[in-house]
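The values are calculated or read from the model by the stated rules, or taken from the named source; none is laboratory data. Everything numeric here is computed off the predicted structure, so don't read it as measured data. Neighbour counts are summed over all protein chains in view; Cβ atoms, including those assigned to glycine, are modelled from backbone coordinates with ideal geometry.
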Amino acid sequence: MSKPKPAALSPDTVIGGYRIIRKLAAGGFGIVYLALDSEGQRVAIKEYLPASLASRAPLALAPQVPPEKLALYRLGLKSFFEEGRSLAQIAHPSVVSVMNFFRENDTVYMVMGYLEGAALQDFIVTAREQKLPRVFRESTIRSLFEEVLRGLRIVHQHKMLHLDIKPANIFITDDNKAVLIDFGAAREVLSQQGHFVRPMYTPGFAAPEMYRRAAALGPWTDLYAIGACIYACMQGYPPDEAPRRIEKDRADNALARLRGVYSDNLIEVVAWCMSLDPAARPQSVFALQTVLGRDIERRYTRLSVAEMVRLQFEGMVAEGRSQGARGTGAGSKTR
């Protein structure tokens, strides 16, 4: 029988002057809530609450941590707090804004700007279900990731790593921004230090060194994930997870099948970022920006990146439905 997950805070609970409205999401290392500040403005609050280290009963406020796990719990809490303090110093449209962070109830809360829209992952999954020939045009991929990389470059300049870049953590907002969300520094600290804490990596997007205890992590680790995200935008699904690639790497063959659909340059960029050897990857965001920003397959437009993503996606879905309607048999059905 699996261990029950810690209970979320109840609606109308007040923490740090913010009133909880409802739970938005929960993962292995925390819970995210929709809340209102003192002026009635909506914010998102992320609570540090690693399920492998702590429990919490319904209606309770403070987590319960067994004595033998307390040191590791506090180590992760310190990392989470430092992450909030560092992110609060970053003001960039492509990085989630941290407005406040505070300690209460024996844990830490990070208050962020509330975003409305959809994750890049949602667009990819829907396109895959529609069986579209490709998820995004090359011009859209380049523009989207140039915007993401501008934010990531600022993050790295602040001596931080994201460590959990994936399509689910690239948010396309309704006001037309591509935003990096849900940093994973505290999660990585717990995974590296806690022998009984199972690393929680999203298959396909975590670099090989993240599976090795005490391995050196750096900008090249985040850039592996960037390459994997671009791969997902081209293929509609992520690459094989790193341990499987080390045993038998199918990435080159998969990318080779995309020649003629995408430029050789973009395919080579993805292969470069996804090198299994960290030293063979781009060593800085600037190095990748220099190559990705070349005027290959570019279509200049006054539309924002988010508008390009949405309009292209809607057009491709409509095209897929039209083709399905002209077909025959089971293959003609569309969702």
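Overview of results
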| read-out | value |
| --- | --- |
| Of residues in the range 276-305 being among the charged types (D, E, K, R) and at pLDDT below 95, the one surrounded by the most Cβ atoms within 10 Å (Cβ to Cβ) | Glu297 |
| Test: residue in the range 68-91 that is modelled with pLDDT of 95 or more and among the small types (Gly, Ala, Ser) | no |
| Filter pass, Phe80 being surrounded by 14 or more Cβ atoms within 10 Å (Cβ to Cβ) and either under 21 Å from the mean Cα position of the chain (by Cα) or on the phi > 0 side of the Ramachandran plot (or both) | yes |
| Members of the range 225-260 found to be small (Gly, Ala, Ser), in a loop (DSSP other than H, G, I, E, B) and either more than 23 Å from the chain's Cα centre (by Cα) or not assigned by TED's automatic domain parsing to the domain that holds Asp277 (or both), listed by number | Gly260 |
| Odd one out for Lys177 among (1) surrounded by 20 or more Cβ atoms within 10 Å (Cβ to Cβ); (2) more than 12 Å from the chain's Cα centre (by Cα); (3) at pLDDT 85 or above; (4) not hydrophobic (A, V, I, L, M, F, W, C) | (1) |
| Test: residue in the range 60-67 that is assigned to a strand (DSSP E or B) and either closer than 19 Å to Asp12 by Cα or not assigned by TED's automatic domain parsing to the domain that holds Gln157 (or both) | yes |
| Residue check, Leu24 surrounded by 13 or more Cβ atoms within 10 Å (Cβ to Cβ), of a type outside the set (Gly, Ala, Ser) and in a loop (DSSP other than H, G, I, E, B) | no |
| Filtered residues of the range 1-21 (kept if in a strand (DSSP E or B), touching a strand residue (DSSP E or B) at 6+ places or on another chain (Cβ under 7 Å) and closer than 16 Å to Val108 by Cα) | Ile15, Tyr18, Arg19, Ile20 |
| Counted residues, the range 27-37 - those being part of a loop (DSSP other than H, G, I, E, B), at pLDDT below 95 and not hydrophobic (A, V, I, L, M, F, W, C) | 1 |
| Any hit, the range 52-74, residues being under 23 Å from His158 (Cα atoms) and aliphatic (A, V, I, L, M) | no |
| So Ile45, is it assigned to a strand (DSSP E or B), among the β-branched types (Val, Ile, Thr), without any contact (Cβ under 8 Å) to a residue 60 or more places away in the chain and not assigned by TED's automatic domain parsing to the domain that holds Glu147 | no |
| Asp252 being at negative phi, exposed (fewer than 14 other Cβ atoms within 10 Å of the Cβ) and at pLDDT 95 or above | no |
